[in-house]
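J.: I have a structure here, written as structure tokens, and I will follow up with some questions on it.
The values are calculated or read from the model by the stated rules, or taken from the named source; none is laboratory data. These numbers were taken from a predicted model, which means no experiment stands behind them. Every residue, glycine among them, receives a Cβ derived from its backbone with ideal geometry; neighbour counts consider all protein chains shown. Protein only, heavy atoms only, side chains kept; ligands, DNA and RNA dropped before computing areas. Shrake-Rupley method; radii C 1.70, N 1.55, O 1.52, S 1.80 Å.
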Amino acid sequence: DVVETQEHYKSRWRSIWIMYLTMFLSSVGFSIVIMSVWPYLQKIDPTADGSFLGWIIASYSIGQMIASPLFGVWSNYRPRREPLVVSTAISVAANCLYAYVHVPPSHNKYYMLTARALVGFGAGNVAVVRSYIAGATSLTERTSAMANTSACQAIGFILGPVFQTCFTLIGEEGVTWKLIDLQLNMYTAPVLFGALLGIINIILIFAVFREHRVDDMGRQCSSINFEGEESGVPDQDAEGNVDHIAVVAMNFLFFVILFVFAVFETIATPLTMDMYSWTREEAVFYNGIILSVIGVESVTVFMVVKMLSKRTGERAILHAGLLIVLIGFFILLPWGKKLPNIQWQEIKNNSIPRTVSSEMVIPFWSLQAMQLPSNHSEPVGCPVAQSWCLNTPMIYLAQYISSDILIGLGYPVCNVMSYTLYSKLLGPKPQGVYMGWLTASGSGARILGPVFVSQIYTHLGPRWAFSLICGVVIISLLVLEIVYKRLIAFSVRYGRMQE
């Protein structure tokens, strides 16, 4: 056994903090432009429609899904500094491309699509980040380190829109630097700021980051990524096979967790517009506040779960987190008798569109709600084109807020416990590829979730949409029960440590 020196300990944690920063910058790269993509797209290419906006938003996750396994394989056989620097450099270049998408005379929307896909491709380094943290921490340090990583990711998602808001002070016209044909405005300044942060990150990776690895008990050891920066012995505890049934189960559970959260984020705006007759501006504003509060709640949960896991263990907390998410979506099911207000513009001259069945009865109070409110310049309420609006009870605001609180509590719990259990399952084995697949499954969930819920909600309504989500979560709970006893640390499974 090689005892870890104080110098090695400090260097190891400095490197882990660089990984926290990399995770933070990766999430900032996604969220810093999310509020301004649509107006910028309309400005540079009037031919772009709402469906193309969906592709631009999804391109980030598609790029990350493709890149994660590739960077994971790279990190297994080469020093991790290489994929970290290359991936960050790709993100920097992609942000610069985004700032120049207005320059070409045509097809500007495709340049924007390419830029966002490349930013997502660069964000595939989160697999490298988590595999490094898993290998550079002992079992007792792992939960705390994974919670800190997820907290940095959540803070990045929260602060990205804040940065964007600050840059709106520059204005839509901004300043033009003709020499290099650069427009510095509210759309380009955020991505250029992101590029600057990426350059700083690359400098820190070269200056501070070092390859370190410890075994599950915290003993210093060497690995395939060894660069001569540490002294150690080969890890003899790496002998043994990974429980692939447990690995597949954790990938499925992680997919479900990100799938339901993507559904929750996607459905917030249309649901509140339909149920509460909010305008687009009101829906974006109020839901922005709600998501910000949930973000703060999530960071708090990340901190609390580190202490709680020492008493109850990760499996029990994951189980509780899934139950909380299930209750959160169950609360969203329509139970009352009051129907939502019907959008006034859809019904003219007392005629009902053909999409609505003639057998449906529209109550008197719904007909009254079709009048145009004097303070709205756009149609509000539930559109008659969604036939379920005429017979599905509304979801009360108290239900919606309660659901937000519960999902905001359950999701971060499930997120941290998934990564922690997954890394412990793999133990001393190289985790780059495995973490790549886990990240890819999460990216796939973020792509499929919005597509799924938009189709089901639009055609069948919230009762079907949220019932199906509850069913998916129940299936995940059953899977967790089946593999519960297999979700133990690699060293515990082979009798090298006590659970």
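J.: Which residue, of 192, 204, is touching a residue at least 24 places away in the same chain (Cβ under 8 Å), within 30 Å of residue 305 (Cβ to Cβ) and in a helix (DSSP H, G or I)?
T.: 204
J.: Among the residues of the stretch 224-235, is any modelled with pLDDT under 90, buried (at least 19 other Cβ atoms within 10 Å of the Cβ) and part of a strand (DSSP E or B)?
T.: No, because not a single residue in the stretch 224-235 is modelled with pLDDT under 90, buried (at least 19 other Cβ atoms within 10 Å of the Cβ) and part of a strand (DSSP E or B).
J.: How many residues are modelled with pLDDT of 85 or more, part of a helix (DSSP H, G or I) and either exposed (fewer than 13 other Cβ atoms within 10 Å of the Cβ) or in contact with a Pro (Cβ under 7 Å, 6 or more places away or on another chain) (or both) when one looks only at the stretch 321-353?
T.: Here the count works out to 0.
J.: While we're looking at this one, here's another question. Report whether or not residue 115 is buried (at least 16 other Cβ atoms within 10 Å of the Cβ) and in contact with a Leu (Cβ under 6 Å, 6 or more places away or on another chain).
T.: Here the answer is yes, as residue 115 does meet what is asked.
J.: What pairs come up if the first residue lies in the stretch 381-406 and is among the β-branched types (Val, Ile, Thr), the second is buried (at least 19 other Cβ atoms within 10 Å of the Cβ) and part of a loop (DSSP other than H, G, I, E, B), and their beta carbons are under 7 Å apart, counting only those six or more places apart or on different chains?
T.: 384/343; 392/334; 392/461; 395/332; 395/334
J.: OK, next. Is it the case that the stretch 16-25 has a residue that's outside any helix (DSSP H, G or I), in the same structural domain as residue 164 (by the TED database) and not hydroxyl-bearing (Ser, Thr, Tyr)?
T.: No: zero hits.
J.: Looking only at residues that are in contact (Cβ under 8 Å) with a residue 12 or more places away in the chain and of a type in the set (Ser, Thr, Tyr) in the stretch 271-320, which one is most open to solvent (accessible area, probe 1.4 Å)?
T.: The extreme case among them is 286.
J.: Here is a list of conditions, (1) closer than 30 Å to residue 384 by Cα; (2) in a helix (DSSP H, G or I); (3) modelled with pLDDT of 80 or more, and residue 318 meets all of them except one; can you say which number that is?
T.: The number of the failed condition is (1).
J.: Another one. Mind checking which residues of the stretch 458-475 are in a helix (DSSP H, G or I) and small (Gly, Ala, Ser)?
T.: 465, 467, 471
J.: Which residues, taken from the stretch 380-410, are out of contact with any Leu (no Cβ under 8 Å at 6 or more places or on another chain), on the phi < 0 side of the Ramachandran plot, at pLDDT below 85 and assigned to a loop (DSSP other than H, G, I, E, B)?
T.: Of everything in the stretch 380-410, those that are out of contact with any Leu (no Cβ under 8 Å at 6 or more places or on another chain), on the phi < 0 side of the Ramachandran plot, at pLDDT below 85 and assigned to a loop (DSSP other than H, G, I, E, B) turn out to be 380, 383, 385, 386.
J.: Looking for something at pLDDT below 85 and touching a helix residue (DSSP H, G or I) at 6+ places or on another chain (Cβ under 7 Å) - is there at least one such residue anywhere in the stretch 83-90?
T.: no
J.: If you check 422, 400, 396, which single one turns out to be open to solvent by 10 Å² or more (accessible area, probe 1.4 Å) and either in contact with an Asp or Glu (Cβ under 6 Å, 6 or more places away or on another chain) or of a type outside the set (Val, Ile, Thr) (or both)?
T.: Checking each option against the conditions leaves just 396.
J.: Looking at 469, 482, 447, can you tell me which residue is at pLDDT 85 or above and either more than 22 Å from the chain's Cα centre (by Cα) or open to solvent by 10 Å² or more (accessible area, probe 1.4 Å) (or both)?
T.: The match here is 482.
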